[in-house]
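Only one structure is covered here, and it is reproduced in the block below.
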Amino acid sequence: MPCNRPPFKSSAPAKIILLGEHAVVYGMPAIAAPIQSLRAYACAQPSDTPLSIRSLEFEKSVAIGSPASDDSLRPLQQLLQIASSYFGMRKPTGDLVIRSDIPVAGGLGSGAAVSAAAIRALAALFGRSVSNEDLNQLVFEMERIHHGTPSGIDNTVVVYERPVYFQRGKDLELLTVKRPCHIVIADTGRATMTREAVSRVRQRYEQRQSATEEVFVSIGQVASNARGALESGKLGQLGALMSENHRLLRQLGISSPELDELVDASIAAGAMGAKLSGGGMGGNMIALVDGSTVPAVRRALRQAGAARVVDFVLSLGPVYS
Ligand code: MEV
């Protein structure tokens with residue numbers, strides 16, 4: 001939650017899709033989890049000037065209603081507009097600064113995290129509150145601007161900051177993680193826009209509908225089985241399902257040689273399972289590892305050319321049993 005005196009600060013986590021990306025856009029279930037240690041931050045200060053947003057990464061700023069000097073600023077402006085109109089601010093003033101530790105275009109939900117952190121900081125600036133439900137809807141609107149046809153999983157996991165079992169049009173289900181899962185994340189170093197990956201899968205679907213649908217159904221089945229494995233702490237089984245999910249994602253044509261190499265390297269170093277995570281075609285992969293194997297897998301991923309490797313433990317404080 002943001003603090004209630006200026007500067008109004010807020011943050012939101014990165015996310016990984018543990019299983020089920022792409023098929024989730026077509027109504028299949030998927031599982032995602034927040035990465036609490038990798039976050040986007042927003043800080044809002046009162047001022048007398050029209051509400052503006054400044055990105056520290058891009059070293060750019062823009063004010064609401066003023067012409068944007070380049071296209072990359074438009075989504076940020078839309079963020080200010082969507083939030084101001086939700087909060088009923090007709091002539092909003094203030095300065096919003098955003099910064100993110102989450103790599104952009106890496107499949108880790110940086111856009112959703114920035115939006116969530118920014119809207120929460122603006123709520124505090126305007127002296128309003130926003131429920132998680134409404135925030136989720138607002139971030140989803142932003143996701144539509146970024147990605148075109150998002151399933152809604154990214155905004156959901158980033159807003160609720162809990163592992164989720166997500167299926168379009170169904171009630172949100174928060175997951176209980178039975179045993180802590182050590183996840184190593186490796187970045188191929190190749191930035192890819194989720195929008196591109198989603199449209200590649202769309203093309204495939206339009207060209208070979210029934211074969212592609214079969215892959216979606218298999219991915220949905222894998223995600224559903226993985227839910228049981230996660231909730232009952234069967235990590236070996238969960239790992240095998242992740243690797244099976246990677247195989248199915250390859251069939252959808254959204255893996256890449258770099259992703260396959262990192263997946264293979266992690267398995268050879270002892271990971272229980274591995275797959276690309278997020279949009280694919282580049283971006284990040286994830287490996288499920290036993291705690292003692294983390295250093296070996298990290299090393300192997302570096303040697304296989306990963307541009308960046310991070311690891312975290314997926315457990316869930318309040319519901320962890
Ligand atoms: C992106 O993190 C996950 C995708 O399934 C797209 C979506 O669900 O909106 C590729």
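Some points to look at:
- Counted as membrane-span-like here are DSSP H helices of the chain whose alpha-carbon atoms extend 27 Å or more along the helix's own axis and whose Kyte-Doolittle mean is 0.0 or above; these are 209-232.
- Here SER11 sits with roughly 30 square angstrom of accessible surface, probe radius 1.4 Å.
- Accessible area of THR156 in the full protein assembly, 1.4 Å probe (Å², nearest 10): 10
- Of the residues ARG227, ARG299, ranked by 1.4 Å probe accessible area with the largest first, the sequence reads ARG299, ARG227.
- The phi torsions of segment 164-169, fed into the Karplus equation with coefficients 6.51, -1.76 and 1.60 and a -60° offset, translate into couplings of 10, 9, 10, 9, 3, x Hz, rounded to whole numbers, with Gly and Pro shown as x.
- Residues of the chain: accessible area per residue with a 1.4 Å probe, Å²: 42
- Solvent-accessible area of HIS182 with every protein chain in place, 1.4 Å probe, in Å² to the nearest 10: 60
- Taking Cα centre as origin and charging only the Cβ of basic (Lys, Arg, +1) and acidic (Asp, Glu, -1) residues, the dipole magnitude of the chain rounds to 320 debye.
- All lysines inside 17 Å of LYS234 as judged from Cα atoms, apart from same-chain residues fewer than 8 positions distant: LYS178
- Electrostatic bookkeeping for GLU231 treats Lys and Arg as +1 and Asp and Glu as -1; over the other residues with beta carbon under 13 Å from its beta carbon, the sum is +3.
- Backbone N within segment 258-288 under 14 Å of label point (7 Å from ALA307 Cα along the Cβ vector): 258-259, 280-285
- Once the chain from GLU206 to THR93 is taken as fully extended at 0.36 nm per residue, the excess over their C-alpha distance is 36.1 nm.
- Potential lengthening between SER232 and ALA268 on full extension [0.36 nm per residue; Cα-Cα distance subtracted]: 10.4 nm
- Distance from the C-alpha centroid of segment 46-96 to that of segment 123-192: 22 Å, rounded to the whole angstrom.
- For the chain, modelled as a GNM whose springs connect Cα atoms under 10 angstrom apart, the maximal fluctuation among LEU73, LEU56, LEU175 occurs at LEU56.
- Candidates ILE17, ILE82, ILE119, ranked by Gaussian network fluctuation over the chain, Cα under 10 Å, top entry: ILE82
- Portion, in percent, of the accessible area of the chain that falls on carbon or sulfur, probe 1.4 Å: 48
- Distance between modelled label sites at SER199 and ARG247, nm, 7 Å Cα→Cβ extension: 3.2
The values are calculated or read from the model by the stated rules, or taken from the named source; none is laboratory data. Given the structure is predicted, the values throughout are model-derived calculations rather than measurements. Neighbour counts run over all protein chains shown; Cβ positions are idealised from the backbone, glycine included. Areas reflect the complete protein model, heavy atoms only, side chains present, ligands, DNA and RNA absent. Shrake-Rupley method; radii C 1.70, N 1.55, O 1.52, S 1.80 Å.
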